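The next block holds one structure in the form of structure tokens; read it before the comments.
The values are calculated or read from the model by the stated rules, or taken from the named source; none is laboratory data. Just so it is clear, the model here is predicted, and its values are computed rather than measured. Neighbour counts run over all protein chains shown; Cβ positions are idealised from the backbone, glycine included. Note: areas computed on protein heavy atoms with side chains; ligands, DNA, RNA excluded. Shrake-Rupley method; radii C 1.70, N 1.55, O 1.52, S 1.80 Å.
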Amino acid sequence: MSHKAALIVFAHQNPASFNAALRDAAVQELSAQGFRVTVSDLYAMNFRASATQDDIIGDLKNPDHFQYGDETMRAWTEGRLSDDITTEQRKLQEAQLIIFQFPLYWFSVPAVLKGWFDRVLTQGFAFSLQKIYSKGVFKDKKALLSFTTGAPESMFQSDGIDGDINVTLWPLQNGILNFCGFQVLAPQIFWDPAHCPAAVRAQMLEGWRARLRGLLTERPLTFAPRELFDLSFQGGFRLRPEVKEEQKAQPFGLSTGHHLGKPLPPDDQTRAPSAGGNRK
């Protein structure tokens with residue numbers, strides 16, 4: 001692939017943090033592979049988290065009943081989104097690989113990164129009714145969540161007090177990334193580095209470097225393709241009856257979200273399937 005480009009969307013306020021070290025490792029390893037790497041340091045940029053009418057230049061279509069999604073879609077079509085949004089959209093368009101580097105805050109992303117999703121992934125630019133999920137706008141791009149936690153892995157097991165990490169990741173990986181069509185690579189999770197010895201953090205960092213060297217050869221996570229659903233208002237955008245019938249014989253649900261009242265498929269949001277169809 002010539003002229004490879006990667007975007008790292010970085011959401012940590014401390015330049016001396018472990019997250020910053022992970023960011024720097026990614027820049028170094030990807031640059032060595034020939035990538036042109038761009039970093040959006042959201043805190044350093046003072047990137048605004050709130051999605052408001054300030055994101056639109058010029059007149060509103062309906063100022064008396066402001067609808068953010070409708071107004072920003074119209075502004076995107078007419079080239080009237082604020083400069084900070086259009087700058088990030090250009091970076092995203094140019095990149096084949098996008099890494100989101102952040103600490104897990106309240107089982108989700110920091111507010112500034114949520115604001116990036118809210119404001120940059122504008123309707124029309126990032127999705128439309130016709131271009132979602134497996135036919136999404138960004139189906140030729142790979143995306144990856146790389147994050148640190150404040151708790152050990154045992155707390156995020158199915159029997160751990162924080163619950164199954166696969167459930168935690170579903171809204172981010174399916175509801176945002178897969179919804180926009182990204183090929184979602186398995187997340188890189190750094191469990192509780194703040195309470196680990198320095199030698200363990202060094203091992204984490206080296207493991208990340210090693211993964212980055214082979215990242216583009218990895219298979220993405222699997223999600224239910226949109227062809228399995230009746231994409232009509234009459235059908236309620238639900239699984240087709242014949243698909244539900246076929247799934248009755250399966251021991252696990254189709255995915256973390258489409259569990260059909262069954263046990264969740266193991267490691268659904270944390271490990272990609274192997275070539276033979278099983279998760280690694």
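Among residues of the range 105-126 being farther than 18 Å from Asn178 by Cβ and touching a residue at least 60 places away in the same chain (Cβ under 8 Å), the one that is most open to solvent (accessible area, probe 1.4 Å) is Phe107.
Mind listing whichever residues of the range 154-167 are open to solvent by less than 20 Å² (accessible area, probe 1.4 Å) and within 19 Å of Phe223 (Cβ to Cβ)? Selection gives Ile165, Asn166. The single residue among His65, His3 that is modelled with pLDDT under 95 and at positive phi turns out to be His3. For the condition under 13 Å from the mean Cα position of the chain (by Cα), open to solvent by 30 Å² or more (accessible area, probe 1.4 Å) and among the aromatic types (Phe, Trp, Tyr), Phe179 qualifies. Of the residues making up the range 1-27, those that are touching a residue at least 12 places away in the same chain (Cβ under 8 Å) and in a helix (DSSP H, G or I) are Phe18, Asn19, Ala21, Leu22, Arg23, Ala25, Ala26, Val27. For the range 32-86: of the residues being among the hydroxyl-bearing types (Ser, Thr, Tyr) and in a loop (DSSP other than H, G, I, E, B), which is nearest to Pro15 (Cα to Cα)? Out of the qualifying residues, it is Tyr43.
For the range 218-236, which positions are surrounded by fewer than 17 Cβ atoms within 10 Å (Cβ to Cβ) and in contact with a helix residue (DSSP H, G or I) (Cβ under 6 Å, 6 or more places away or on another chain)? Correct list: Pro225, Arg226.
Of the residues Leu239, Leu215, Leu264, only one is under 30 Å from Ser128 (Cα atoms), surrounded by 17 or more Cβ atoms within 10 Å (Cβ to Cβ) and either of a type in the set (Ser, Thr, Tyr) or out of contact with any Phe, Trp or Tyr (no Cβ under 8 Å at 6 or more places or on another chain) (or both); which? Even if it seems obvious, please write down each step before you answer.
Details: Leu239 fails: either of a type in the set (Ser, Thr, Tyr) or out of contact with any Phe, Trp or Tyr (no Cβ under 8 Å at 6 or more places or on another chain) (or both); Leu264 fails: either of a type in the set (Ser, Thr, Tyr) or out of contact with any Phe, Trp or Tyr (no Cβ under 8 Å at 6 or more places or on another chain) (or both).
Leu215 is the lone residue from the list that is under 30 Å from Ser128 (Cα atoms), surrounded by 17 or more Cβ atoms within 10 Å (Cβ to Cβ) and either of a type in the set (Ser, Thr, Tyr) or out of contact with any Phe, Trp or Tyr (no Cβ under 8 Å at 6 or more places or on another chain) (or both).
Name the single residue that is most open to solvent (accessible area, probe 1.4 Å) among those in the range 188-203 being in a loop (DSSP other than H, G, I, E, B) and hydrophobic (A, V, I, L, M, F, W, C). Talk me through it step by step, then tell me what you get.
Taking the range 188-203 and keeping what is in a loop (DSSP other than H, G, I, E, B), we get 191-192, 196-197.
Subsequent filtering for residues that are hydrophobic (A, V, I, L, M, F, W, C) retains 191, 196.
Values: Trp191: 46, Cys196: 28 Å².
So the residue we want is Trp191.
Exactly one residue among Gln93, Gln130, Gln89, Gln67 is under 23 Å from Gly175 (Cβ atoms), open to solvent by less than 40 Å² (accessible area, probe 1.4 Å) and either touching a helix residue (DSSP H, G or I) at 6+ places or on another chain (Cβ under 7 Å) or without any contact (Cβ under 8 Å) to a residue 60 or more places away in the chain (or both), and that residue is Gln89. If the condition is being in contact (Cβ under 8 Å) with a residue 60 or more places away in the chain, open to solvent by 40 Å² or more (accessible area, probe 1.4 Å) and under 20 Å from Arg209 (Cα atoms), then the range 29-47 contributes only Gln33. Restricting attention to the range 242-261 and to residues that are outside any loop (DSSP other than H, G, I, E, B) and in contact (Cβ under 8 Å) with a residue 12 or more places away in the chain, the residue that is surrounded by the fewest Cβ atoms within 10 Å (Cβ to Cβ) turns out to be Lys244. The conditions of being out of contact with any Asp or Glu (no Cβ under 7 Å at 6 or more places or on another chain), outside any helix (DSSP H, G or I) and within 23 Å of Pro265 (Cβ to Cβ) are not met by Ile176. When the range 136-153 is filtered for residues that are open to solvent by 30 Å² or more (accessible area, probe 1.4 Å), over 11 Å from the mean Cα position of the chain (by Cα), in contact (Cβ under 8 Å) with a residue 40 or more places away in the chain and farther than 10 Å from Gly181 by Cβ, the ones remaining, listed by number, are Gly150, Pro152.
For the range 48-64, which residues satisfy the criterion of being of a type in the set (A, V, I, L, M, F, W, C), farther than 10 Å from Arg119 by Cβ and open to solvent by less than 60 Å² (accessible area, probe 1.4 Å)?
Step one: of the range 48-64, the residues of a type in the set (A, V, I, L, M, F, W, C) are 49, 51, 56-57, 60.
In the following step, the residues that additionally are farther than 10 Å from Arg119 by Cβ were identified as 56-57, 60.
Across the range 48-64, the qualifying residues are Ile56, Leu60.
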